[in-house]
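Asks: Quick one: the structure is below, and I'll ask about it shortly.
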Amino acid sequence: MKEKRKKFKGSPKRYHPNGITILYEDYDIIVIEKIYGLLTVPNDKERDNTVEFLLGNYVRKGNPKSRKRVFIVHRLDKDTSGILILAKSEKSKEYLQDNWKKATKTYYTVINGQLRKKEGILSSYLAQNSIHRVYSVGKDSEAGKLSKTEYQVLEESDDYSLIEVNLLTGRKNQIRVHFAETGHPVVGDKMYGRKEKGIKRLCLHAAKLSINHPVTKERMTFETNIPEYFTSLMG
């Protein structure tokens, strides 16, 4: 007979970090929505204001002697908001990463202008140069990795289009590079896009994630809403 697990109780509210909304938590995983402007992992310039550091402190309930920690499964760019899943053990992390191709990921983005085709798949091989800038090498399979971005236009205005994106592959900066190649870059994209006055953020949000739970193997789906800022740009 399968042993019934005790009901999980998370850390008290006073330990919940700013900039992070906890969507779901149990003994094995923690699923969050992060704000834009927050790093997933530390870098040379920022150590403490990161998802990894803040959630590590959260699971330890502020006790530096606690051996509890979180394990990074995947990342979102600093300026991308949305859903992240973290593991609470090395075993759970390895399971999620080994089965990451079975995960489904949906994003919302706002791009400049209007696309001629209102739905379709953007496909090319992507590579990365020495300064970590991702670029397309067209159909050169030896120079890059195959990348596919499925999209559907949800709404259009005179200046922008609101797009739903399903990632069919998960390459670095894939959405940003693919839409920049169409001549309709993601709004607020300082690396691949245009400089625009008055734009407050990169308009890219990881809105939906479906995974198989690392222990129960249950299919789980987590969703968030389209950011209000995205809809405000549509007028």
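The values are calculated or read from the model by the stated rules, or taken from the named source; none is laboratory data. If you're wondering where the values come from, they're calculated on a predicted model, not measured in any experiment. With ideal geometry, Cβ positions are generated from the backbone for all residues, glycine too; neighbour counts draw on all protein chains shown.
Asks: Pairs, please: C-beta under 6 Å, at least 6 apart or cross-chain, first residue within 30 Å of Thr231 (Cβ to Cβ) and loosely packed, with under 13 Cβ neighbours inside 10 Å and in segment 141-157, second modelled with pLDDT of 95 or more and among the small types (Gly, Ala, Ser)?
Replies: From segment 141-157, no pairs qualify.
Asks: Have a look at Lys78, Lys91, Lys105 and point out the one that is over 16 Å from the mean Cα position of the chain (by Cα) and of a type in the set (Lys, Arg).
Replies: Values: Lys78 fails: over 16 Å from the mean Cα position of the chain (by Cα); Lys105 fails: over 16 Å from the mean Cα position of the chain (by Cα).
Lys91 is the lone residue from the list that is over 16 Å from the mean Cα position of the chain (by Cα) and of a type in the set (Lys, Arg).
Asks: Tell me whether segment 122-143 contains one or more residues that are touching a His at 6+ places or on another chain (Cβ under 6 Å) and over 19 Å from His74 (Cα atoms).
Replies: Looking only at segment 122-143, we keep the residues that are touching a His at 6+ places or on another chain (Cβ under 6 Å), and these are 122.
When the remaining residues are screened for being over 19 Å from His74 (Cα atoms), the result is 122.
Yes.
Asks: Further, regarding this structure: Here are Ile226, Ile199: which of them is within 20 Å of Ile20 (Cβ to Cβ), out of contact with any His (no Cβ under 6 Å at 6 or more places or on another chain) and among the hydrophobic types (A, V, I, L, M, F, W, C)?
Replies: Of the residues listed, the single one that is within 20 Å of Ile20 (Cβ to Cβ), out of contact with any His (no Cβ under 6 Å at 6 or more places or on another chain) and among the hydrophobic types (A, V, I, L, M, F, W, C) is Ile226.
Asks: Against the definition (in contact with a Lys or Arg (Cβ under 7 Å, 6 or more places away or on another chain), assigned by TED's automatic domain parsing to the domain that holds Glu181, among the hydrophobic types (A, V, I, L, M, F, W, C) and in contact (Cβ under 8 Å) with a residue 24 or more places away in the chain), how does Leu167 come out, yes or no?
Replies: Taking the combined requirement at face value, the residue satisfies it.
Asks: Additional query: Quick one: which strands (runs of 3 or more DSSP E) sit completely within segment 21-139 and have at least 2 residues that are aliphatic (A, V, I, L, M) and not assigned by TED's automatic domain parsing to the domain that holds Arg219?
Replies: Ranges flagged: 29-34, 81-87.
Asks: Restricting to segment 115-146, and then to whatever is small (Gly, Ala, Ser) and farther than 30 Å from Asp158 by Cβ, can you tell me which residue is modelled with the highest pLDDT?
Replies: In this case the residue turns out to be Ala127.
Asks: Any chance you could count how many residues in segment 140-156 are out of contact with any helix residue (DSSP H, G or I) (no Cβ under 7 Å at 6 or more places or on another chain) and outside any loop (DSSP other than H, G, I, E, B)?
Replies: 10
Asks: Right, something else. Could you tell me whether segment 210-220 includes any residue that is among the hydroxyl-bearing types (Ser, Thr, Tyr) and under 28 Å from Ile22 (Cβ atoms)?
Replies: Yes, some residue in segment 210-220 is among the hydroxyl-bearing types (Ser, Thr, Tyr) and under 28 Å from Ile22 (Cβ atoms).
Asks: Please state which of the following conditions Ala143 fails to meet, knowing it meets all the rest: (1) within 20 Å of the chain's Cα centre (by Cα); (2) over 15 Å from Ile121 (Cα atoms); (3) among the aliphatic types (A, V, I, L, M).
Replies: Condition not satisfied by Ala143: (1).
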